[in-house]
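Worksheet: the structure to be examined is printed underneath.
The values are calculated or read from the model by the stated rules, or taken from the named source; none is laboratory data. Everything numeric here is computed off the predicted structure, so don't read it as measured data. FYI the Cβ positions are ideal-geometry reconstructions off the backbone, even for glycines, and counts take in every protein chain you see. Only protein heavy atoms, including side chains, enter the accessible area calculation; ligands, DNA and RNA are left aside. Shrake-Rupley method; radii C 1.70, N 1.55, O 1.52, S 1.80 Å.
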Amino acid sequence: MKHLIIYAHPNPESLSGHFKNILAKHLQENSHEVVVRDLYELNFSPSLSLSDMYGQRKGQVTDDVKEEQRLIEWADCISFIHPIWWTGLPAIMKGYIDRVFSYGFAYRYDQGVQKGLLKGKQALIINTHGKSHEEYNAIGMDKALSLTSDTGIYGYCGFEIKNHFFFEKADRPSPENIEGWTRQILSSI
């Protein structure tokens, strides 16, 4: 299987970085083709410009976006690994989606009906956050996060959501939690 990992965390030693490394290693050891895109390492520009917007409508995108779209087309499964900051995606990941998941590439409208163009591709989403599951559940944030990303981004573009992990209290994880979370991720592949 061709597996693309899109990773967004500025600290390679973070828990998200750990998940990226163990997932890539596991996939490679099991004969998957793997490409890792570290958005911070790439210095990916998250700013959607006016010329980006005009170009997207004409199917014209910049070279950096073309490369990301080429890799998405290549992949069978795409893993998105990033923390939840301020109840959302890090700015660089949000900008990646704004620029790369463009009209005509990731979605379009046919006679006013939205159509996801990335059908046949799987998405694995791995998120870390500082709050507990109980805290997020009490305020409905768990449902809001799933609705925003799973439905509003990935499902909208046609992805089949293979799994979406939310790992809690990630700013202070125990070694046992990290080991258990790692097992959960690897067993979902």
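List, please: which pairs have Cβ atoms under 8 Å, are six or more places apart or on different chains, and start with a residue in segment 31-49 that is modelled with pLDDT of 95 or more and end with one that is among the polar types (S, T, N, Q)?
Final answer for the pair search is Val34/Gln28.
Could you check, for segment 56-66, whether at least one of its residues is of a type in the set (Gly, Ala, Ser) and modelled with pLDDT under 95? So that I can check it myself, show each step before the final result.
Taking segment 56-66 as the starting set, the residues that turn out to be of a type in the set (Gly, Ala, Ser) are 59.
This time we only want the ones that are modelled with pLDDT under 95, so: 59.
Taking every residue of segment 56-66 in turn, at least one turns out to be of a type in the set (Gly, Ala, Ser) and modelled with pLDDT under 95.
Answer with yes or no whether Asp110 is of a type in the set (Asp, Glu), more than 30 Å from Thr62 (Cβ to Cβ) and open to solvent by less than 70 Å² (accessible area, probe 1.4 Å). Give the steps one after another, and end with the answer.
On the way: of a type in the set (Asp, Glu): yes; more than 30 Å from Thr62 (Cβ to Cβ): no; open to solvent by less than 70 Å² (accessible area, probe 1.4 Å): yes.
So Asp110 does not fit the description; no.
Could you list all residues from segment 77-120 that are in contact (Cβ under 8 Å) with a residue 24 or more places away in the chain, of a type outside the set (Val, Ile, Thr), under 30 Å from Pro173 (Cβ atoms) and not in a strand (DSSP E or B)?
Leu89, Pro90, Ala91, Met93, Lys94, Gly95, Tyr96
Specify the residue that is surrounded by the most Cβ atoms within 10 Å (Cβ to Cβ); the eligible residues are those in segment 1-38 that are hydrophobic (A, V, I, L, M, F, W, C) and in a helix (DSSP H, G or I).
Our first condition is that a residue be hydrophobic (A, V, I, L, M, F, W, C); within segment 1-38, this holds for 1, 4-6, 8, 15, 19, 22-24, 27, 34-36.
From what's left, in a helix (DSSP H, G or I): 15, 19, 22-24, 27.
Values: Leu15: 20, Phe19: 27, Ile22: 15, Leu23: 24, Ala24: 19, Leu27: 21.
Ranking the candidates gives Phe19 first.
Go through (1) of a type outside the set (Phe, Trp, Tyr); (2) under 20 Å from His82 (Cα atoms); (3) open to solvent by less than 100 Å² (accessible area, probe 1.4 Å) for Asn43 and report which single condition fails.
The single condition Asn43 does not satisfy is (3).
Regarding segment 39-52, can at least one residue be identified that is within 29 Å of Ser132 (Cα to Cα) and part of a helix (DSSP H, G or I)?
No, segment 39-52 has no match at all.
Looking at Asn127, Asn43, Asn137, can you tell me which residue is within 19 Å of Ile161 (Cβ to Cβ) and not hydroxyl-bearing (Ser, Thr, Tyr)?
Details: Asn43 fails: within 19 Å of Ile161 (Cβ to Cβ); Asn137 fails: within 19 Å of Ile161 (Cβ to Cβ).
Answer to the check: Asn127.
From (1) within 17 Å of Ile126 (Cα to Cα); (2) open to solvent by 80 Å² or more (accessible area, probe 1.4 Å), pick out the condition that doesn't hold for Leu89.
In the conditions (1) within 17 Å of Ile126 (Cα to Cα); (2) open to solvent by 80 Å² or more (accessible area, probe 1.4 Å), Leu89 misses (2) alone.
Identify, please: which residue in segment 50-60 is in contact (Cβ under 8 Å) with a residue 12 or more places away in the chain and under 24 Å from Thr148 (Cβ atoms) and is, among those, surrounded by the most Cβ atoms within 10 Å (Cβ to Cβ)?
First, pick out the residues of segment 50-60 that are in contact (Cβ under 8 Å) with a residue 12 or more places away in the chain: 52, 56-57, 59.
Among the residues that remain, those that are also under 24 Å from Thr148 (Cβ atoms) are: 52, 56.
On the way: Asp52: 17, Gln56: 19.
Here the answer is Gln56.
Sort out which residues of segment 21-41 are of a type in the set (Gly, Ala, Ser) and within 13 Å of Ile185 (Cβ to Cβ), and write them in order of number. If you could, list the steps in order and put the result at the bottom.
Step one: filter segment 21-41 for residues of a type in the set (Gly, Ala, Ser), giving 24, 31.
The answer is Ala24, and nothing else.
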